[in-house]
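What follows is calculated from the coordinates using simple rules that are stated; it is not laboratory data. None of these values were measured; they are calculated from a predicted model. No Cβ is skipped: glycine too gets one built from the backbone with ideal geometry, and neighbour counts run over all protein chains shown.
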Amino acid sequence: MTEVLPQSEYGRLALSLSIAAFFQTCISGPLVATSLRFFSISTLKKEQNSFFSTIKTILIFLIASYSATALAVVSISFIFDLDKIYALSIFFALVTGIDSVYSGIQTAKRSRVIASFHQGLGVFFRFSIGFLVVNLYGGGAYGALIGYILAGCGILISQMYFLKEILYSNSKQSKINQEMLLYGSKFAIFGFFSWLQSSADRWSINYFLSIEDVGSYSVVYQLGYYPMILLSSTLMQFIYPIIMQESSSKETKLQSLVKIDKYAFNFFLICLVAVILGELFHPFLFKILTASTFRESSKFLSVILFASGLFSVAQILSLRLELMMNVTLLAKIKIINSIIGALIIIAITPLKGLSGVVYGTLTTSILYLISIFYFSRRLDEGVAKD
């Protein structure tokens, strides 16, 4: 995308995607977590129809509420002469949010090949179609986002073909409906604070520096942060259903905790390799992957890789808290860490510029990993005594 979008337009695209991320982390993210957790529960209780019916009802509500919100944003944009791309980003959040719910259920069903296929294809189509729309029809950040939405719609149609149960489910009242909503609401609370932390960097750069700096930072963030997060998310989707289903007794729960530790350690080793490679080859990578105007930020690649790697390790270890059904503690850790991270970024941006944002992101990841590691170990003592 850097070949067809100047820094300012790439910055606009990054800010609009941060708006979409708000809906993804606060709404569709919690819904995915709930789907992963309650699919196996509904299967054991023989209430799958109720599960799919609840998901269907929620998705219909999302479509209506997202559309109404987008129309309201458009109206406000006209009245106050604001950038209307943010309304478009809400539709992108809707399409990708529904798609992520389908992928989550496919993962819970252990149809992980289908889920991974759609995730990989979604990333490829998003950037390919976005590039084609901008290259052929122009439109800058608008054109790129329209391409992203078209790609998401194509993937969603395929998802609906492979998972027809949601579409054809019948409404049926069940206790599991209320349990799902209660469980998901906890994730929604710290989802907001996670979004606050993850978006504070771009909005701080936009406010204290410039929209061009947002574009430069977003490129190194995309090349360094997202790949590690995508890799760890894929790993967690594979291991989450297995671990949850195998933890029915004290003995199997302890074994699952050990497995989680092994996954986290192995991912840390992958992180170290990625950091070393990023430090050695960042000029070459940016030369072949980005336009010349974005290459100055390549020096931050290894730091961003390390930050995302440590965050991913912490996310894997957080499965320990979910396994012990201590979602409240996990929410508190994420909320406090997100607030501290956002404050660090906001405070350091006007003082140190882009380098301050990058190292502030690394500091936040380190604090998050330390917190998750400490509290999960304290809970181990309780499991061992039970």
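Structural remarks
- Pairwise centroid distance, computed over Cα atoms, of segment 87-118 with segment 19-37, Å: 10 Å
- Start at zero, step by 20 Å, and the Cα-Cα distances of the chain spread as 26, 60, 13, 0 percent across the bins.
- Helix runs (DSSP H) in the chain reaching 27 Å along axis by Cα, Kyte-Doolittle at least -0.5: 48-80, 85-108, 112-137, 141-162, 175-208, 226-245, 250-289, 327-385
- Electrostatic dipole magnitude of segment 189-381 [Cβ: Lys, Arg +1; Asp, Glu -1; Cα centre; debye, to 20]: 160 debye
- Checked against a 23 Å cut-off, the cross-linked pairs K45/K262; K109/K259; K84/K332; K46/K186; K56/K186; K262/K299 give Cα-Cα distances beyond that limit for K45/K262; K84/K332; K46/K186; K262/K299.
- Highest-fluctuation residue, M325, M180, M228 considered, GNM on the chain with Cα pairs under 10 Å: M325
- Assuming charge only on the beta carbon of Lys and Arg (+1) and of Asp and Glu (-1), the dipole of segment 1-173 about its Cα centre is about 840 debye to the nearest 20.
- For the chain, averaging the sequence separation of C-alpha pairs within contact (under 8 Å, six or more residues apart) and dividing by the residue count gives a relative contact order of 22 percent.
- Of the peptides 93-103, 2-12, 57-67, the order by per-residue mean of other Cβ atoms within 10 Å, starting with the highest, comes out as 93-103, 2-12, 57-67.
- Segments 327-338, 193-204 sorted - mean Cβ within 10 Å per residue, highest first: 193-204, 327-338
- Relative to the Cα centre, the charge distribution of the chain, modelled as +1 at Lys and Arg Cβ and -1 at Asp and Glu Cβ, gives a dipole magnitude of about 1000 debye.
- Mean Cβ neighbour count within 10 Å, used as a protection proxy, ranking 277-287, 70-80 highest first: 277-287, 70-80
- Take the Cα of K332, step 7 Å toward its Cβ, do the same at I60, and the gap between the two points is 3.9 nm.
- Counted by Cβ distance under 13 Å from S298, the other residues give a net charge of +1, where Lys and Arg count +1 and Asp and Glu count -1.
- Dividing the summed helix terms, -39500 (n - 2.57) for each DSSP H run of n ≥ 4, by the number of residues in the chain produces a 222 nm estimate of -30000 deg cm²/dmol to the nearest 500.
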